[in-house]
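The values are calculated or read from the model by the stated rules, or taken from the named source; none is laboratory data. In this text, all values refer to a predicted model and were calculated from it rather than measured experimentally. Here the Cβ positions follow ideal geometry from the backbone for every residue, glycine too, while neighbour counts run over all protein chains shown. Accessible surface is based on the protein model in full, side chains and every heavy atom, while ligands, DNA and RNA are left aside. Shrake-Rupley method; radii C 1.70, N 1.55, O 1.52, S 1.80 Å.
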Amino acid sequence: MKTHWIACFLSIGIALAGSELGNSTAFETASPFETVGSVERADPGLDAIVPAGAKIEKLADDCKWTEGPIWIHSGFLLFADIPHNRILKWTPAGSLTVFMQPSGYTGAEAFTGPESGSNGMTLDRRGRLTVAGHAARNVFRLESLAKDAKMTLLAERYQGKRFSSPNDVVYRSDGSLYFTDPPYGLQTQQDNDPAKELPFNGVFRIPGALSHRPGAPPDDSKLQLVIKDLTRPNGIAFSPDEKYLYIAVAEPAKKIWMRYDVKPDGGVTNGKLFYDATSDTQDGLPDGMKVDQKGNIYSAGPGGVWIISPEGKHLGTIKPGEKVANCNWGDDGKTLYITASTSLYRIRLKIPGVRP
């Protein structure tokens, strides 16, 4: 194993000189982190997004499959280490600790699948952490970030049937929560898994999730199925004006991103192919994604983080050197944090992101 500043198998804290919470420029001037990877330029439009000489920094490694990064506004990042069934907390000062374990599966019998933990995360506008439970087969919210925080289940079943494994989550400004439900948190990760109860892999909406009373049980009668015809719905994001909903489809035979018109009532219509990367044979599939304030999409894809313009043009790829799962904005909004296979990375960009 190569020596890096932080190892995920150990819950350690290291004070790194010259890097303070909330100081978004400290790592630009004197970063102690290893520089890795490259940025592949596919179109001149990338120059408006990625600064000349931008560096990809490796912040943590020795995890197994990292996912769901979310920046907490008090100045730290949370991300999932799914196979170890935990959420980790990373600070710009260089400490790494376990925030929550277990974060997903809590059954009495041993979990035999590869992904026992939770997955994607976001914040509601009150700052509460909302989590796709993945192997827990639910969507939950923590009422605070304290060690003994109360957990509120927001969704667990659709028409009496358990979800397969909620994967990623995003809030709309009306307080409703959308999430994807492919089978990757089931023990076989297949559609014929004996535990799978729903006959499709859907995208769902929880109206009024923001106002769901702390500790109250989920109200399954309000849950809405908005998309049911995608093979492997995964990453999910709104355009900045919320006119469109984007869905990444993690299907090896058809590596695509879809775009839907969002109706005033929160439903979606007019689904169209936004981008097709099926011909790209690099490691990785369309997965977690975010958008910037100009409407550009940043999504896990073949070879790294794909940057796609609102018009559907591939501008370039951020390539950390590992299979990417997800990304999110942090610091002052211009730093993109990337979860990829065993590691956590970041890169400084020009355009601020849309973040909770």
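Does at least one position in the range 247-255 carry a residue that is open to solvent by 30 Å² or more (accessible area, probe 1.4 Å), small (Gly, Ala, Ser) and more than 26 Å from Asp61 (Cα to Cα)? Break it down stepwise before answering.
As a first pass, look at the range 247-255 and keep what is open to solvent by 30 Å² or more (accessible area, probe 1.4 Å): 251-254.
If we keep only those that are small (Gly, Ala, Ser) as well, we get 253.
Next, from what is left, pick out any that are more than 26 Å from Asp61 (Cα to Cα): 253.
Yes, because at least one residue in the range 247-255 is open to solvent by 30 Å² or more (accessible area, probe 1.4 Å), small (Gly, Ala, Ser) and more than 26 Å from Asp61 (Cα to Cα).
What number of residues within the range 196-242 satisfy the criterion of being under 19 Å from the mean Cα position of the chain (by Cα) and of a type in the set (Lys, Arg)?
2
Among the residues of the range 30-44, how many are under 16 Å from Ile307 (Cα atoms) and either hydrophobic (A, V, I, L, M, F, W, C) or modelled with pLDDT under 95 (or both)?
Number of matching residues: 2.
May I ask you to verify whether Pro69 is more than 22 Å from the chain's Cα centre (by Cα) and not aliphatic (A, V, I, L, M)?
Here the answer is no, as Pro69 does not meet what is asked.
Tell me whether the range 259-271 contains one or more residues that are closer than 16 Å to Gly68 by Cα and open to solvent by less than 50 Å² (accessible area, probe 1.4 Å).
No, the range 259-271 has no match at all.
Within the range 277-321, how many residues turn out to be within 15 Å of Tyr345 (Cα to Cα) and of a type in the set (S, T, N, Q)?
Within the range 277-321, residues that are within 15 Å of Tyr345 (Cα to Cα) and of a type in the set (S, T, N, Q) number 2.
Among the residues of the range 138-183, which ones are assigned to a loop (DSSP other than H, G, I, E, B), surrounded by fewer than 24 Cβ atoms within 10 Å (Cβ to Cβ), touching an Asp or Glu at 6+ places or on another chain (Cβ under 7 Å) and not small (Gly, Ala, Ser)?
Hits for the range 138-183 are Asn138, Lys150, Arg172, Pro183.
Kindly check whether there is at least one residue in the range 106-113 that is surrounded by fewer than 22 Cβ atoms within 10 Å (Cβ to Cβ) and part of a strand (DSSP E or B). Steps first, please.
At the first step, the residues of the range 106-113 found to be surrounded by fewer than 22 Cβ atoms within 10 Å (Cβ to Cβ) are 106-113.
Add one more test, that the residue is part of a strand (DSSP E or B), and what stays is none.
Within the range 106-113, not a single residue is surrounded by fewer than 22 Cβ atoms within 10 Å (Cβ to Cβ) and part of a strand (DSSP E or B).
Criterion first (open to solvent by less than 10 Å² (accessible area, probe 1.4 Å) and among the aromatic types (Phe, Trp, Tyr)) does Tyr275 satisfy it?
no
Kindly provide the set of residues from the range 282-305 that are in a strand (DSSP E or B) and open to solvent by 10 Å² or more (accessible area, probe 1.4 Å), ordered by number.
Of everything in the range 282-305, just one residue is in a strand (DSSP E or B) and open to solvent by 10 Å² or more (accessible area, probe 1.4 Å), namely Lys290.
Quickly run through the range 316-336 and pick out the residues that are assigned to a strand (DSSP E or B), surrounded by fewer than 22 Cβ atoms within 10 Å (Cβ to Cβ) and not charged (D, E, K, R).
Within the range 316-336, just Gly316 meets the criteria.
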